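Report on one structure; see the data block that follows.
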Amino acid sequence: MSVSLYGSGNTVIQVVNSTVTSTFSTTSSTPVATGVTATITPQSSTSKILVIANLGGFYINTSSALGEGTIYRGSTNLAGSTNALTTIYSNAGNIVSNGSISYLDSPSTTSATTYSIYLFTSSGTIALGNTSVPTILTLLEISGS
C-alpha cells in the first residue's frame, strides 16, 4: 500500500497491525511488557515509523494512583528511561478509559523491528484490554523525503 501524503517523500509504504482482546494487568512500578507487539521491517533506513496504540479498557483500581503506558522499540523505552507516553489518573479508584499513544520513531534500520506496549503504576493495579474493547497496535512506515 502506498499513499502519498504531501507529494514526494512522506508516503505510507506499509502498515502492520496487531489486535489483542485478552486482558493484561500489573502492579509493577517499573514498565512491564503487556504482550501486545507488532513487528515491521522498514524498506529504508531513512524511513520513519508512526506507532499508534489504542489502549482499550485502560483501567486503574486505586484512588490517588497513576497508571502509565509507553511504547518500547526492542528494549528501548521511546519515552526515555522509565517515563510514560500516556497516563490515567484515579482520584477515587476504579477508573476505566480508552487511552491512546501516537509516536513518530526514526529507527534508522532495515532490520525487523518490534514495538511493544508496556504498563506500570504508582500503586494498585493497572490493566489493559478485554474482549469487548481490544488493544490495537498499528505501525505505519513513512518514507523519507
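So here's what we get for this one:
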read-out	value
Tally of residues being under 15 Å from Thr19 (Cβ atoms) and of a type in the set (Ser, Thr, Tyr) across the range 29-70	3
Qualifying positions in the range 84-106 - surrounded by fewer than 17 Cβ atoms within 10 Å (Cβ to Cβ), more than 13 Å from Ala53 (Cβ to Cβ) and among the hydroxyl-bearing types (Ser, Thr, Tyr)	Thr87, Tyr89, Ser97, Ser106
Residues satisfying the stated conditions in the range 59-83, i.e. within 12 Å of Tyr118 (Cα to Cα) and crowded, with 20+ Cβ neighbours inside 10 Å	Gly67, Glu68, Gly69, Thr70, Ile71
Tally, over the range 26-51, of residues that are farther than 14 Å from Ser106 by Cβ and crowded, with 16+ Cβ neighbours inside 10 Å	6
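Here, each number is a calculation from the coordinates, and none is a lab measurement. Note that the coordinates shown come from a computational prediction; the quantities given were computed from them, not determined experimentally. Quick reminder, even Gly has a Cβ in these numbers, built from the backbone with ideal geometry, and neighbours come from all protein chains shown.
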